[in-house]
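Reviewing the structure listed below.
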Amino acid sequence: MSRTVARESAFKIVFETAFQAETPDELYERFFELQDEKLDVTEDDQKYIKDIINGINENLTTIDEKIKSHLKDWSFERISKVDLAILRISTFEILYRDDIPVKVSVNEAVELAKQYSDEASSSFINGILAEIIKEK
């Protein structure tokens, strides 16, 4: 599994937390139980995904405050659940993962937005992440 696919898997779990009563750990376990065996998940992939899920969960208030502080003429509550999941993953990577280049986090976020959200989302996400990077 590539890091891109692992990040997409983490995105799906983070997104699902907005709609489920299960804990992130329970969603993580169920996600991998339901995945097709062709996904070819390595231990490193599982660790990366788990680190993302746990990292967001442990730092959610800080991550959300960072996102909120860069919204212009937009309220946090209006951000779509898809865009919010993407922003949380990328913000976590930018703030807490020195092993992931910032440009990679931003590019992957934009690509996820193009795939899972509407046309305007990739620009919206790119703009917020650019401001978070400036502040870092």
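None of the figures in this text is laboratory data; all of them are computed from the coordinates on show. Predicted, not measured: the structure shown is a model, and the values here were computed from it. Note that each Cβ is placed from the backbone with ideal geometry, even for glycine, and that neighbours are counted across all protein chains shown.
Counting Lys and Arg as +1 and Asp and Glu as -1, each charge on the Cβ, what is the dipole of the chain about the Cα centre in debye, to the nearest 20?
Working: 18 positive and 29 negative charges, 121 e Å.
With only Lys, Arg, Asp and Glu charged at Cβ, the dipole is about 580 debye.
For the range 3-135, a Kirkwood radius taken over Cα pairs fed into Stokes-Einstein (4 °C, viscosity 1.567 mPa s) yields D = 87 µm²/s. Only one residue of 70, 19, 2 has its Cα farthest out toward the positive end of the dipole of the chain, where Lys and Arg carry +1 and Asp and Glu -1 on Cβ, and that residue is 70. Straight-line reach from residue 47: taking Cα to Cα under 20 Å and skipping same-chain neighbours fewer than 8 places apart, the lysines in range are 12, 38.
Please compare each pair in 68/134; 72/134; 50/134 to a cut-off of 24 Å on the Cα-Cα distance and tell me which ones are over it.
Values: 68/134 15 Å; 72/134 16 Å; 50/134 27 Å.
Checking Cα-Cα distances, 50/134 exceed 24 Å.
A crude spin-label estimate for the pair residue 111 and residue 25, with each label 7 Å from Cα along the Cβ direction, gives 3.2 nm.
Helix-only mean residue ellipticity at 222 nm, the chain, DSSP H runs n ≥ 4 weighted -39,500 (n - 2.57), per residue, nearest 500. What is it? Provide the component values of the computation, followed by the final result.
Values: 7 runs with 97 residues, N = 136.
When only DSSP H runs of four or more count, the value is -23000 deg cm²/dmol.
Each Lys or Arg adds one and each Asp or Glu subtracts one; over the other residues with Cβ under 12 Å from the Cβ of residue 64, this totals +1. For the pair residue 104 and residue 74, label points projected 7 Å from Cα toward Cβ lie 2.6 nm apart.
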